[in-house]
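**Q** Structure below; questions to follow.
The values are calculated or read from the model by the stated rules, or taken from the named source; none is laboratory data. Here the structure is a predicted model, which means the values were calculated and not measured. Because the Cβ atoms are built from the backbone with ideal geometry, glycine has one as well, and the counts that use them run over all protein chains shown. Only protein heavy atoms, including side chains, enter the accessible area calculation; ligands, DNA and RNA are left aside. Shrake-Rupley method; radii C 1.70, N 1.55, O 1.52, S 1.80 Å.
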Amino acid sequence: MGFLLPSSARKTNILMCFLLIFLVFNLACHTHKHTPKQKKPINTLIKNKDKNHNNNNSNNNNNTNNNNTNNNNTGNKFYTNYSKKWGVKLEGNENKKIIESIDSWLGTPYKYGSMTKSGTDCSGFTLNVYKESCNLKLNRSAADQVNNVTLIDKDNLKFGDLVFFKISGNKVSHVGIYINDSKFAHASTKKGVTISDLNDAYYKKYFYKGGKVKK
């Protein structure tokens, strides 16, 4: 015959079992609740950061390339328009301000001793173009503008250089601005401000020197 616990002892054991189960369950829940969140490995964070940085750089480069393309298209259109208008091949690296200034004077009538859009002589034209486009002050007469340049031969002429002619005697009496393709802009006594060719017999005969304007 087995040994039976008194009724009160059995009740105590049952309560102890329930209490133990409760404590174990409560401890398990508490441990789960406060388990720290696992952090991403540092290598993963660095890779993600580098990826975002590279994406930003790629977007910036794309924007820069687009802007450069737009600027190039605008620049090419500028030179193409003036090449057609003047009948002169422009390379695409000429001073835009000089181009615009020359163009604004084309068609101005010739007037000796004057230097306005109502009428100008040759040195008045060159003086104004350099004043407007480069903020440089040239001397008033063609002969004196020789002192504003470093003289060069015809073969070394570049866009914007001055071209000098000795038409009357041994003194410089006419001046213009070289463009390209042997063409130059000047104030002609017959046509006013126009574009002519250095290879024309008249200008070829009286050409003296070219000159790079001193800054």
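**Q** Summing +1 for each Lys or Arg and -1 for each Asp or Glu, what net charge is found among the other residues whose Cβ lies under 13 Å from the Cβ of K96?
**A** -3
**Q** What is the spin-label model distance, in nm, from D153 to K85 if the labels are put 7 Å beyond Cα along the C-beta direction?
**A** Between D153 and K85, the simple spin-label model gives 3.5 nm.
**Q** Can you give the local net charge around A185? Use residues other than it whose beta-carbon is closer than 13 angstrom to its beta-carbon, Lys and Arg +1, Asp and Glu -1.
**A** Taking every other residue near A185 into account, the sum is -3.
**Q** Now for a different question. Report, in listed order, any pair from K84/K137; K137/K191; K158/K205; K137/K204; K97/K204 with a Cα-Cα distance greater than 22 Å.
**A** Violating the 22 Å Cα-Cα cut-off are K84/K137; K137/K191; K137/K204; K97/K204.
**Q** What does the charge count around N148 come to, taking other residues whose C-beta lies under 11 Å from its C-beta (Lys +1, Arg +1, Asp -1, Glu -1)?
**A** That works out to +4.
**Q** If you count only protein heavy atoms with a 1.4 Å probe, what accessible area per residue comes out for the stretch 77-215, rounded to a whole Å²?
**A** For the stretch 77-215, the per-residue accessible area is 53 Å².
**Q** Determine how many Å³ per residue the convex hull of the Cα atoms of the stretch 84-215 encloses.
**A** Taking the convex hull of the Cα positions in the stretch 84-215, it is 102 Å³ per residue.
**Q** Right, next: Which length gain, in nm to one decimal place, applies between K131 and K212 when the Cα-Cα distance is subtracted from 0.36 nm times their residue separation?
**A** Extra length available between K131 and K212 comes to 27.6 nm.
**Q** Give me the percent of accessible area attributable to carbon and sulfur for the stretch 131-215, probe 1.4 angstrom.
**A** After summing per-atom areas, the C and S share lands at 44 percent.
**Q** Still on this structure, I have one more. Would you please give the FRET efficiency between K111 and K205, computed as 1/(1 + (r/R0)^6) with r the Cβ-Cβ distance and R0 = 22 Å, to the nearest 0.05?
**A** Calculated transfer efficiency: 0.30.
**Q** Taking amide H positions as placed 1.01 Å from N in the peptide plane, with prolines and chain starts having none, which residues 5 or more places from L136, or on another chain, fall under 5 Å of its amide H?
**A** Sorted by chain and number, the residues that satisfy this are K131.
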